[in-house]
Amino acid sequence: MNIRRKFQARFGYAPARVVWAPGRVNLIGEHTDYNEGFVLPAAIDRGLYLAVAPRRDRNVSVHALNFHDATAFSLDHLQRDSTHRWSNYLQGVALILQERGYALRGMDAVLWGDLPIGASLSSSAALQVAAAVAFKTLRDLALPLEQIPALCQRAENDFVGVQCGIMDQFAVTFGQREHALFLDCRTLAHQHVPIPSDLKIVVCDTRKPRALAASAYNQRRQECEQGARFFGVAALRDVSVEMFHARETELSETIRRRVRHVVTENQRVREMVAALERGDLKTVGALMAASHQSLRDDYQVSVRELDVMVELAQAHAGCVGARMTGAGFGGAALALVHQDAAETFANQISAAYQAATGVEPQLLVTRAQDGVRLLADNENA
Ligand code: GLA
């Protein structure tokens, strides 16, 4: 895809900059971010490209190639758009930046991505972060990269209406090639953890569209807050496995399950970091399996298609570990697979999943990549 040429064809002049923002997978630590806990995502080598140039007026005109759709909005009248829903991610970011006192310029933009959309790979966070970096670059704003994840998260919470945590925006911004990002979502302290070099990340998109994801997601968040109130703590991050066991019988069935997931998942993230550091792939696989099981049985955010995909992946000889990734309710699983076996794995699991479900999945062999960046002038999508 020559995004510069597409921009030229659309607007009749060349773009000033092209921003690239990756998607992400999460190796482990699911539904822990909004509980102020631990996560271990990785940015991947699939993402979104946003080619941009400044305008003289206060309009933003965007052409989204993947959607064969275009829209325009004014920076002075930002409002939710139910027809061009993808534009809400750009609008929400523009709104929060202006609320924080940043003076923005209008822009022309062309958007294109090679990241499956709506598949739990954070295409929305990638678009938000790309938009923030584009606005920053066009006006040379004094907006430190460190502030971008929280601003984008706020845009999603307030403008889009999903009460998401900070993991996705953080991974998109600060991912690092060949590394996972161990993030403490309370303090935002983070550390890059090397992914063993002979492993590939295989994204296994079930092609099952996420259903009722936003409302079910917000409901899980409320249940966690209820759990935290019961234990008298600021967030479930503060509940240890021992504290949970001491009082679990006092909780209702639903809240008990939710809390058990979060408390044990936080523990698994820390164990995963240690296992990766010592190259203990057996433990890595066991932790991923336990995480999936907990999301399926206790947090209840998996669906049959994800379970089928994960079971098929886990049974493959080349696979180190597999689990659903992201919010759940559909979307993608991820598998860590030995490099030499990755292509065969993708072909075989793809065929087996299709045989089991009647749906053709999309399996992508990827690797961990750096976070958001501006392309060099001679670089293309
Ligand atoms: C979505 C949210 C994240 C996180 C995950 C679940 O991706 O955007 O903040 O909560 O779900 O781990």
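The values are calculated or read from the model by the stated rules, or taken from the named source; none is laboratory data. Please read these numbers as outputs of a predicted model, since none were measured by experiment. In this analysis, Cβ positions are derived from the backbone assuming ideal geometry, glycine residues included, and neighbour counts consider all displayed protein chains. We work out accessible area using only protein heavy atoms, side chains counted, and drop any ligands, DNA or RNA first. Shrake-Rupley method; radii C 1.70, N 1.55, O 1.52, S 1.80 Å.
Answer yes or no: is there a residue in region 235-247 that is within 23 Å of the chain's Cα centre (by Cα) and either surrounded by fewer than 17 Cβ atoms within 10 Å (Cβ to Cβ) or assigned to a helix (DSSP H, G or I) (or both).
Yes, region 235-247 contains at least one residue that is within 23 Å of the chain's Cα centre (by Cα) and either surrounded by fewer than 17 Cβ atoms within 10 Å (Cβ to Cβ) or assigned to a helix (DSSP H, G or I) (or both).
Which one of these does Asp57 not meet: (1) within 14 Å of the ligand (Cβ to nearest atom); (2) of a type in the set (Asp, Glu); (3) over 30 Å from Ser291 (Cα atoms)?
(1)
Just to be sure before I move on: is Gln267 outside any loop (DSSP other than H, G, I, E, B) and surrounded by fewer than 24 Cβ atoms within 10 Å (Cβ to Cβ) in the structure I sent?
The answer is yes for Gln267.
Could you tell me which of the residues Asp238, Asp198 is in contact with a His (Cβ under 9 Å, 6 or more places away or on another chain), acidic (Asp, Glu) and farther than 30 Å from Arg105 by Cβ?
Answer to the selection: Asp198.
Contact list please: Cβ distance under 9 Å, first residue in region 161-174 and in contact (Cβ under 8 Å) with a residue 40 or more places away in the chain and closer than 9 Å to Ala126 by Cα, second residue of a type in the set (D, E, K, R) and more than 8 Å from the ligand (Cβ to nearest atom), pairs at least six apart or on different chains.
As it stands, the answer is Asp168/Arg24; Val172/Arg24; Thr173/Glu146, since those pairs meet every condition given.
Restricting attention to region 62-80, does a residue exist that is of a type in the set (Phe, Trp, Tyr) and in a strand (DSSP E or B)?
The answer is yes; a qualifying residue exists.
Just a yes or no: is a residue in region 28-40 outside the structural domain of Leu236 (by TED's automatic domain parsing), away from the ligand (no atom under 14 Å from the Cβ), part of a loop (DSSP other than H, G, I, E, B) and open to solvent by 20 Å² or more (accessible area, probe 1.4 Å)?
no
Taking the options Val241, Val273, Val259, Val233, name whichever one is among the hydrophobic types (A, V, I, L, M, F, W, C), in contact with a Ser or Thr (Cβ under 7 Å, 6 or more places away or on another chain) and outside the structural domain of Ala150 (by TED's automatic domain parsing).
From the options Val241, Val273, Val259, Val233, the qualifying one is Val241.
Which residues, taken from region 110-128, are within 12 Å of the ligand (Cβ to nearest atom) and assigned to a loop (DSSP other than H, G, I, E, B)?
Across region 110-128, the qualifying residues are Gly118, Ala119, Ser120, Leu121, Ser122.
Applying the selection to region 293-315, what residues are out of contact with any Cys (no Cβ under 9 Å at 6 or more places or on another chain), assigned to a helix (DSSP H, G or I), farther than 17 Å from Arg210 by Cα and open to solvent by less than 30 Å² (accessible area, probe 1.4 Å)?
Answer for region 293-315, where residues must be out of contact with any Cys (no Cβ under 9 Å at 6 or more places or on another chain), assigned to a helix (DSSP H, G or I), farther than 17 Å from Arg210 by Cα and open to solvent by less than 30 Å² (accessible area, probe 1.4 Å): just Ser294.
Between Glu223, Glu156, Glu178, which is touching a helix residue (DSSP H, G or I) at 6+ places or on another chain (Cβ under 7 Å) and more than 23 Å from Arg256 (Cβ to Cβ)?
Criteria check complete, one pass: Glu156.
Specify the residue that is most open to solvent (accessible area, probe 1.4 Å); the eligible residues are those in region 138-190 that are within 25 Å of Gln79 (Cα to Cα), polar (S, T, N, Q) and within 14 Å of the ligand (Cβ to nearest atom).
Going through the qualifying residues, I end up with Gln163.
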